Amino acid sequence: MEVIVYYPETPEKQALFDQRVAKFHAQYVENRIRKLQCPTWQKLKLIDAIAETIMEDVRREEEEKV
């Protein structure tokens, strides 16, 4: 199988592509969490843990830039 990949040509197109990939990923994660066989409070706790992990990564990246 051969796969041809075309990368975005400008920073603006790259940013748009990144946003679309992030949205797709978030929707995928949401759907997977909805399908879990556990109570809603556990699903919410999982979402909070994911959000906190992301925020920690963002803070760490910002600290590395300085």
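The values are calculated or read from the model by the stated rules, or taken from the named source; none is laboratory data. Quick caveat: nothing in here was measured; it's all calculated off a predicted structure. Don't worry about glycine lacking a Cβ; one is built from the backbone with ideal geometry, like all the others, and counts go over all protein chains shown. Quick note on the areas: whole protein, heavy atoms, side chains included, nothing else; ligands and nucleic acids left out. Shrake-Rupley method; radii C 1.70, N 1.55, O 1.52, S 1.80 Å.
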Karplus-derived 3J(HN,Hα), 6.51/-1.76/1.60, for each residue of the stretch 45-62, Hz, glycine and proline x: 5, 4, 4, 4, 5, 5, 4, 5, 4, 5, 5, 4, 4, 4, 4, 5, 5, 5
Per residue accessible area of the chain, 1.4 Å probe, in Å²: 101
Restricting attention to the stretch 1-48, which GluC sites (Glu not before Pro) occupy a DSSP loop and are surrounded by at most 16 other Cβ atoms within 10 Å? Glu2, Glu9
Which percent of the accessible area of the chain is formed by carbon and sulfur heavy atoms (probe 1.4 angstrom)? 58
Between 0 and 90 degrees, rounded to the nearest ten: what's the tilt of helix 11-35 against the longest Cα principal axis of the chain? 20
Under 29 Å Cα-Cα from Lys65, which lysines qualify once same-chain neighbours fewer than 8 residues away are excluded? Lys13, Lys23
Calculated from the structure, semi-axes √(5λ) of the Cα gyration tensor in Å equals which of [x] 19, 11, 10; [y] 29, 21, 9; [z] 25, 16, 8? [y]
